[in-house]
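> Here it is: the structure, laid out below.
What follows draws every value from the coordinates through simple rules; no lab data is involved. Note that the structure is a prediction, hence the values are computed from the model and not measured. Positions of Cβ are backbone-derived with ideal geometry, glycine not excepted, and every protein chain shown enters the neighbour counts.
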Amino acid sequence: MRSKLFAANWKMAKDFSQSIEYCTKNKKQLDTLSHTSNAQLVICPSFPALFPIINLLQKTSIAIGAQTCSPYESGPFTGQVSAQSLKEVGCTFCIVGHSEQRAIGASDQIVAQQIKQLLSHQIEPIICIGEDHMVYEDGNTIPFLEAQLKAIEPALKSNIPLTIAYEPLWAIGTGNTPSVTALTTIFAWLSQKTNHRLIYGGSVSPENAATLSAIVHLDGFLIGSASLDFQNFEKIVSLAS
Ligand code: PGA
């Protein structure tokens, strides 16, 4: 059985010193948690904190991920960070296609190029897909996800490990989640489309982690606000692994 993955997406919520403080303070507990749960824990801080946190946690089994990367190999792309640089600092995961990135221009085509870059640098992409509330209400979630997956079809066919994170936009940061019945249908469908690891994101909390983790074909969570507090993150991992 594939180990579960719990990725903490810190977005821009923690600044540099808060990120370092969290990892310094909870280093031992994070390592213990990853061993006792037998789960892959991934922390995704913002860019400047990546390298110091990788050094801080290097003797632990915690992996570090970036929150996006450039779709290009190198060149005149002011403000972008290449997969090559992420590899050099020791990142082993990277989130791509998060709806907050899609909202500022990350098209399906860009996401496909980012995945290509990451895979060629042996970094596991955590690929976010998900629909807005209108699509969900209209019962069009599956055709919507189908189109998003179509754009990354070549990557899905590869044998290199990657993770698909189903994150409905209307569930992110709202306290709302799809019903267990809806998620069961969606994850059953996703598992027919791909053999890659499937996780869920959107308002995951200590209160709903046990219920959500019982959904078949769901192998972990992408956790935003609840991951900012170590106690909450620990509870989610313990309840859901
Ligand atoms: P949330 O965020 O857990 O705060 O809803 C999840 C995400 O955006 O990845």
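> Hey, got the dipole for segment 89-215? About the Cα centre, +1 on K and R Cβ, -1 on D and E Cβ, debye to the nearest 20?
About 460 debye.
> Let me ask another. Using a Gaussian network model of the chain with C-alpha springs under 10 Å, which one of Ser99, Ser179, Ser85 is most mobile by mean-square fluctuation?
In the Gaussian network model the winner is Ser179.
> Considering the options Ile104, Asn38, Ile127, tell which one lies farthest towards the positive end of the dipole of the chain, charges being +1 on Lys and Arg and -1 on Asp and Glu at the Cβ, about the Cα centre.
Asn38
> From the Cα trace of segment 145-191, what convex hull volume per residue do you get, rounded to a whole Å³?
Convex hull of Cα atoms, per residue: 92 Å³.
> Right, here's the next one. What relative contact order, as a whole-number percentage, does the chain give when Cα pairs under 8 Å and 6 or more residues apart are counted?
It rounds to 20 percent for the chain.
> With only alpha-carbon pairs counted, each pair once and no self-pairs, how large is the Kirkwood hydrodynamic radius of segment 109-194 in angstroms?
13.8 Å
> Assuming a viscosity of 0.692 mPa s and a temperature of 37 °C, what translational diffusion coefficient in µm² per second does Stokes-Einstein assign to segment 14-155, Rh being the Kirkwood radius over Cα pairs?
Roughly 200 µm²/s, to the nearest whole number.
> Next question. How much length is gained if the chain between Lys25 and Ser107 is pulled fully straight, taking 0.36 nm per residue apart and subtracting their Cα-Cα distance, in nm to one decimal?
The span from Lys25 to Ser107 would gain 25.7 nm if fully extended.
> If you don't mind, there's one more thing I want to ask. For the chain, would you read off the P(r) tail past 22 Å as a percentage of all alpha carbon pairs?
So the pairs more than 22 Å apart make up 49 percent of the total in the chain.
> Still on this structure, I have one more. Please find, in a Gaussian network model of the chain (springs between Cα atoms separated by less than 10 Å), the residue of Leu86, Leu218, Leu145 whose mean-square fluctuation is greatest.
Greatest mean-square fluctuation among the candidates belongs to Leu145.
> Which aspartates and glutamates have a Cα less than 18 Å from the Cα of Lys28, not counting those fewer than 8 places away in the same chain?
The reachable aspartates and glutamates, counting only those whose Cα sits under 18 Å from Lys28, are Asp229, Glu234.
> For a quick check, take a GNM of the chain with Cα springs below 10 Å and name the residue from Asn159, Asn38, Asn195 with the largest mean-square fluctuation.
Of the options given, Asn159 has the highest mean-square fluctuation.
> What does the charge dipole of segment 59-124 about its Cα centre add up to, to the nearest 20 debye, if the Cβ of each Lys and Arg holds +1 and the Cβ of each Asp and Glu holds -1?
Magnitude of the dipole: close to 120 debye.
> As I understand it, the dipole of segment 1-85 uses +1 on the Cβ of Lys and Arg and -1 on the Cβ of Asp and Glu, about the Cα centre. Which of Gly75, Ser85, Pro52 lies farthest toward its positive end?
Toward the positive end, the furthest listed residue is Pro52.
> Can you give the helix-only mean residue ellipticity at 222 nm for the chain, where every DSSP H stretch with n ≥ 4 adds -39500 (n - 2.57) and the sum goes over all residues, rounded to the nearest 500 deg cm²/dmol?
Calculated at 222 nm, the ellipticity per residue is -12500 deg cm²/dmol.
> Among the complete DSSP H segments of the chain, which ones combine at least 24 Å of alpha-carbon extent along their axis with a mean Kyte-Doolittle hydropathy of -0.5 or more?
What comes out of the filter, once short or polar helices are dropped, is none.
> Relative contact order for segment 190-241: what percent, with Cα pairs under 8 Å and sequence separation of 6 or more?
Over segment 190-241, the number comes to 41 percent.
> Tell me the volume per residue, in Å³, of the convex hull enclosing the alpha carbons of segment 171-241.
Numbers: hull volume 5.5 nm³, N = 71.
Spread over its residues, the Cα hull of segment 171-241 gives 78 Å³ apiece.
> Just the number, please: Stokes-Einstein D of segment 90-143 in µm²/s, Kirkwood Rh from C-alpha pairs, 25 °C, 0.890 mPa s.
Rounded to a whole number, D works out at 201 µm²/s.
> Let me ask you something else. Based on Cα coordinates alone, diagonalise the gyration tensor for segment 31-81, multiply each eigenvalue by 5, take square roots, and list the semi-axes in whole Å, largest first.
So the three semi-axes of segment 31-81 are 28, 11, 8 Å.
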